[in-house]
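The values are calculated or read from the model by the stated rules, or taken from the named source; none is laboratory data. Bear in mind that the values here come from a model prediction, so they are computed numbers and not experimental data. As a convention, Cβ positions derive from the backbone with ideal geometry for all residues, glycine included, and neighbour counts pool all protein chains shown.
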Amino acid sequence: MITKLESKNLNYLPPDRDCFSLYASFYRNTLSMSRHGFLHSLEDAWLALCSDAGAWYVRGIGIWIIQCKSTHQLLGTAGFWQSKSKARVFELDLLPYMVDYTTRQEIVQTLINYHNEKFCRSEFCVQNVAEYL
């Protein structure tokens with residue numbers, strides 16, 4: 001199970017079917033998808049949610065749904081995945097209009113601290129938080 005985490009202003013929740021509206025919003029958002037070069041369908045959003053909820057966990061890594069504590073609004077996803085080269089990669093996908101720089105800092109710092117405490121072996125330890133902001 002992906003561990004629930006929390007920071008000062010945010011909850012970090014494991015993905016489940018109740019998060020589909022976030023995935024659908026993200027996959028239909030032109031600004032969010034522009035870095036991927038294309039828009040996705042709702043079916044692609046569902047497959048991404050299912051993959052995030054299960055496949056990442058099975059591989060010993062994970063993704064969290066970012067939730068604002070005060071409003072309970074879902075802001076995006078963040079987590080770690082392993083590339084084909086076996087390098088561990090941090091990914092942060094947020095709805096662009098929802099998250100300011102300070103919130104991004106809080107997300108990145110919380111998850112990288114968790115990662116380094118849990119997994120920090122030399123090849124997986126994340127050193128430079130600034131590159132993810």
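Of all residues in the stretch 74-111, which are at pLDDT 80 or above, surrounded by 14 or more Cβ atoms within 10 Å (Cβ to Cβ) and either β-branched (Val, Ile, Thr) or part of a loop (DSSP other than H, G, I, E, B) (or both)?
The initial filter retains those residues of the stretch 74-111 that are at pLDDT 80 or above, namely 74-79, 100-111.
Okay, now just the ones that are also surrounded by 14 or more Cβ atoms within 10 Å (Cβ to Cβ), so 74-79, 103-111.
Those that are at pLDDT 80 or above, surrounded by 14 or more Cβ atoms within 10 Å (Cβ to Cβ) and either β-branched (Val, Ile, Thr) or part of a loop (DSSP other than H, G, I, E, B) (or both): Thr77, Thr103, Ile107, Val108, Thr110.
If I ask for residues that are touching a strand residue (DSSP E or B) at 6+ places or on another chain (Cβ under 9 Å), of a type in the set (Ser, Thr, Tyr), surrounded by fewer than 19 Cβ atoms within 10 Å (Cβ to Cβ) and under 15 Å from Ile112 (Cα atoms), which ones from the stretch 1-31 would you list?
Matches in the stretch 1-31: Thr3 only.
Kindly establish whether Ser122 is modelled with pLDDT of 65 or more and either in a helix (DSSP H, G or I) or loosely packed, with under 14 Cβ neighbours inside 10 Å (or both).
Values: modelled with pLDDT of 65 or more: no; either in a helix (DSSP H, G or I) or loosely packed, with under 14 Cβ neighbours inside 10 Å (or both): yes.
The answer is no for Ser122.
A quick yes/no check of all residues on (1) at pLDDT 85 or above; (2) under 16 Å from the mean Cα position of the chain (by Cα):
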residue: Gly37; (1), (2): no, no
residue: Asp44; (1), (2): no, no
residue: Leu47; (1), (2): no, yes
residue: Ala53; (1), (2): no, yes
residue: Gly62; (1), (2): no, yes
residue: Ile65; (1), (2): yes, yes
residue: Cys68; (1), (2): yes, yes
residue: His72; (1), (2): yes, no
